[in-house]
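Notes follow once the structure below has been shown.
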Amino acid sequence: MQTLSPPLSETTRIEVNVSEFARGEIAVKLRRDNTLLVHALHLDQYAADNFFRKELVKTFPIPFGADIDKIPSVIRGNGILSIDI
């Protein structure tokens, strides 16, 4: 009788260009609807009533069966945010 080995774990990689944002302006959050939210916000204020706003909002579905306790993310030197699910 032949035994089957367990399936290899699959990893989904998400890459987002966040080169226009500082590290402290970027957040990665797991939402209740089983999606991953990448949010980046940059504000430059030129005067009391004049400012420039740059924002990035992206959502990605979490694959079924993914280990949501282990979702590492890293920003590479080229400004690409990599998230492995």
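Structure data summary
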read-out: Length gained when the stretch Thr11-Ser82 is fully extended (0.36 nm per residue, less Cα-Cα span); value: 24.4 nm
read-out: The chain, accessible area per residue, ligands and nucleic acids excluded (1.4 Å, Å²); value: 80 Å²
read-out: Largest to smallest principal axis extent of the C-alpha atoms in the chain, angstrom; value: 76, 30, 15
read-out: Computed FRET value (nearest 0.05) for Asp67 with Leu43, which takes r as the C-beta separation and R₀ as 41 Å; value: 0.70
read-out: Percent accessible area from carbon and sulfur atoms, the chain, protein chains only, probe 1.4 Å; value: 51 percent
read-out: Nonlocal amide H pairs with Thr12, under 5 Å, H built at 1.01 Å; value: Ile85
read-out: The chain - charge dipole about Cα centre, Lys and Arg +1 at Cβ, Asp and Glu -1, debye rounded to 20; value: 60 debye
read-out: ³J(HN,Hα), Karplus 6.51/-1.76/1.60, whole Hz, each residue of the range 14-23, x for Gly, Pro; value: 10, 10, 10, 7, 10, 5, 8, 10, 7, 4
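The values are calculated or read from the model by the stated rules, or taken from the named source; none is laboratory data. These numbers come from a predicted model, not from an experiment. Glycine also receives a Cβ, built like all others from the backbone with ideal geometry; neighbour counts cover every protein chain displayed. Just so you know, the surface numbers come from the protein's heavy atoms only, side chains and all, with ligands and any DNA or RNA stripped out. Shrake-Rupley method; radii C 1.70, N 1.55, O 1.52, S 1.80 Å.
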